[in-house]
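All remarks here apply to the structure that follows.
The values are calculated or read from the model by the stated rules, or taken from the named source; none is laboratory data. A quick note: this is a predicted structure, and the numbers were derived from the prediction, not measured. With ligands, DNA and RNA removed, areas are computed over all heavy atoms of the protein, side chains included. Shrake-Rupley method; radii C 1.70, N 1.55, O 1.52, S 1.80 Å.
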Amino acid sequence: MALLQIAEPGLSAAPHQHRLAVGIDLGTTNSLVATVASGLSRVLPDAHGRRLLPSVVRYAENDVVVGHDAQAAQVEDPGNTIVSVKRFMGRTLSDLDASVHTPYTLVDTPGMLSLATRSGVRSPVEVSADILRSLRQRAEDGLGGDLVGAVITVPAYFDDAQRQATKDAARLAGLNVLRLLNEPTAAAIAYGLDNAAQGVFAIYDLGGGTFDISILKLSQGMFEVLSTAGDAALGGDDFDHRIADWLRQNLALAATSAGETRMMLARARSAKEALSSAPVTSIAGRLDDGRNFSFELTREQFESLTADLVARSMTPVRRALRDAGIAADEVDGVVLVGGSTRMPQVRDAVGKLFGREPLSDLDPDEVVALGAAMQANVLAGNHPGGDSDWLLLDVCPLSLGLETMGGLVEKVIPRNTTLPAARAQEFTTYKDGQTAMAIHVVQGERELVSDCRSLARFELRGIPAMVAGAPRIRVTFQIDADGMLSVSAREQTSGTEAHIEIKPSYGLSDTQIADMLTDAWGKADVDMAARMLREAQVDARRLVDATEAALAEDGHALLTHDEFVAVQSAMFALADELESGGDLPRLKRASEALNTATTHFAGLRMDAGIRRALAGTRISALQT
């Protein structure tokens, strides 16, 4: 008799059939790939035993070189060696700061900038795909089989465009994306599962190019992100630049060549790393004019040069704590992520703010990849279940909403909402007989559409012609676990429906995202005043339109000449205020004046309407 083997959906058919899945930390400076084997997560090394893969790609005539060999060729072939490509993901040329200079040529292509190389124009997606392809090959060689999927980490502040670009790069590299996971959340998974931690944790992530802070609550297998914040223009590279600037000052150089700049930054990075374990280090090099130099830099000097950078990272930390409603002394543990957290001044500042020593059990370079590998192991169906089951609840970094009359934003899903999420809200028409509605989806924290990011536009047509305010249009926002958004609109009485999946045109930079949050905090009073003015303008316009229509229909029949002129004059006065963009008090006074002037007219119209409705009706009919 044949035996039929049965398994739960998504699980292996037999205990020995372990599905090969990996977690990938696609970093600005370095990338890693990790997996779970025999219940333990580990980073996979290359053939030489190296765990870190430099996120560097060199494009030769007929060859693509990734990692250490590409990094070694950076000095001799900078124009074709792409570094830190992650900062270009989902960005256009116009998004870049004017101070950004690269040794390679940037090309302004539709949707996203590209990079000109010897082997042709490459998009950041293609360059990232080459890095991911190298990691995939490393994993398949090390594990001895094909991968069923990968969890790839992204900065918490990556928007829809940057997340989509990361997904596209993975698919181009031949990877099945099981999920995109925020980097701080991945670190929390690694610490939470390895150490069976419970409580509130802060994830302080200082990488090569960006800084993220997340506050998470770990409880009985649930990972809930309470808040996120960060500075997309702060990273370890800024510390390198401070040392390079110090070198220029000591050498009395007003400017340096591209080659000298690269040399100084390389020496600066080595010095920074050395000062993490030594009180003093030497920096030596050779200038283009043949002069040699050698200086000593102490840790005390380095900390003085970079004190403002460390202090700058504390501002988002305090904001994240405030958003989460948590005091610093209520945090049970602080996890350090990113190689830049090895600097003693960073560890000291974090410890001082939270009043406790940061956790350092796991390598800060590897912790994100390890957490991603654990998540991949679960999604691949290898998790044993039982008491070790756990649930991950992430959040969206920016509010999502719709444009309403007057260019105002109605937030449907506030920032820091737990994902996945679905929210619905009802809207209605503005004018009588309106049969279509334009729906504009926006992202941001400000009150006006012009200050937020436009994500998508679509139309709902076929709305039954009714008086303004009668149709009920229900708009539903849905965000999946990867942070990808879809929006649908449905008119409730007719069932007419329209739907759109947000496939963003690449373009919103991580700096813009951080700026959106900063602007929202710094301009709350201005935004509220602007919103009140816009709302008053919308109400005034509606009042002018209704009065104009009523005068045209019944004005001459129901009003004397003087009454007609009085109402018309008040209407014109309000219209003039609208045209002049007058301030809020004057607009309100003009609206109140028109309301007062039309009170008697409104009563006459109501009486006339009742008379028309009852014309020819017997009293006995009304009594039955």
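Miscellaneous remarks
- Cα centroid separation, the stretch 323-366 to the stretch 268-285 (Å): 23 Å
- For residue 405, distant residues with modelled amide H under 5 Å away: none
- With all protein chains kept in place, the per residue accessible area of the stretch 424-479 amounts to 46 square angstrom at a probe of 1.4 angstrom.
- Available extension along the chain between residue 494 and residue 592 is 31.6 nm, counting 0.36 nm per residue and deducting the alpha carbon span.
- Across the protein chains, with a 1.4 Å probe defining accessible surface, the residues 476, 228 rank 476, 228 from largest area downward.
- Reachable aspartates and glutamates, given that their alpha-carbon falls under 16 Å from the alpha-carbon of residue 588 and they are not under 8 places away in the same chain: 535, 539, 576, 577, 579
- Shape of the stretch 157-260, Cα gyration tensor, a/c cut at 1.5: oblate
- Translational diffusion of the stretch 86-198, µm² s⁻¹ [Kirkwood Rh, Cα pairs; Stokes-Einstein; 20 °C; 1.002 mPa s]: 135 µm²/s
- Here the contact order of the stretch 312-362, divided by its residue count and restricted to Cα pairs under 8 Å and six or more residues apart, works out to 38 percent.
- Flagged links, alpha-carbon separation over 28 Å, of 217/411; 217/352; 411/431; 272/352; 86/272: none
- Solvent-accessible surface (1.4 angstrom probe) belonging to residue 38, in square angstrom, nearest 10: 120 Å²
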